[in-house]
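Q: Have a look at this one.
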Amino acid sequence: MSSADRSRFVYVTYIRTASASLWEALTLPPLVRQYWFGAVLECGWKKGSPWKIAAPDGSVYDKGEILEIDPRRRIIIGWTNEWKPEFKAEGSSCCTIELAPFDKSVKLTLTHEMERPESKFIAAVSAAWPLTLSNLKSLLETGEVAVTTHPGH
């Protein structure tokens, strides 16, 4: 498929922390809950493991599976939205998170894409990911999140 046949969102940030600390923040449910607006994460973190993120009340936001994992370096998640019928109807997307040490920081590159032009779901995550990743960065650098209310939920 050409790039015109797909939707893609890319976000890059530099977080002043160690790769091990950032990896823990991405994969440990109690840490995820702190920066992802109370979301509950479930995953075994092995290739083929189911992956799910849910609201505090248990209603599922998104689910999928781990397509590739290289601890402290890269995660690729097959991702399907579950909470909005128009997003779920678009099918599965792919979220790649890559970590690379850089100076006194870790470069985090997130790419969320779908084999569909002008995806409404990718447009929605394009607004949501900056909030979530800003919270992650703030939490690791200061011990506090930057934003406490997610406008989409």
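The values are calculated or read from the model by the stated rules, or taken from the named source; none is laboratory data. This structure is a prediction, so every number in the text was calculated from the model and none was measured. Virtual Cβ from ideal backbone geometry, glycine too; neighbours counted across all protein chains shown.
Q: Among what's in the range 1-24 and is among the hydrophobic types (A, V, I, L, M, F, W, C) and surrounded by fewer than 18 Cβ atoms within 10 Å (Cβ to Cβ), pick the residue that is nearest to S105 (Cα to Cα).
A: That would be A18.
Q: Considering the range 100-115 alone, what residues qualify as being closer than 22 Å to W79 by Cβ and out of contact with any strand residue (DSSP E or B) (no Cβ under 6 Å at 6 or more places or on another chain)?
A: If the condition is that a residue be closer than 22 Å to W79 by Cβ and out of contact with any strand residue (DSSP E or B) (no Cβ under 6 Å at 6 or more places or on another chain), then E115 is the only one that fits.
Q: Give the range 20-38 a look and list any residue that's at pLDDT below 95 and either assigned to a strand (DSSP E or B) or small (G, A, S) (or both), or say none.
A: G38
Q: Would you mind finding the one in S59, S92, S49 that is closer than 25 Å to T149 by Cβ and free of Cβ contacts under 8 Å to residues at least 60 places away in the same chain?
A: Testing whether each residue is closer than 25 Å to T149 by Cβ and free of Cβ contacts under 8 Å to residues at least 60 places away in the same chain leaves just S59.
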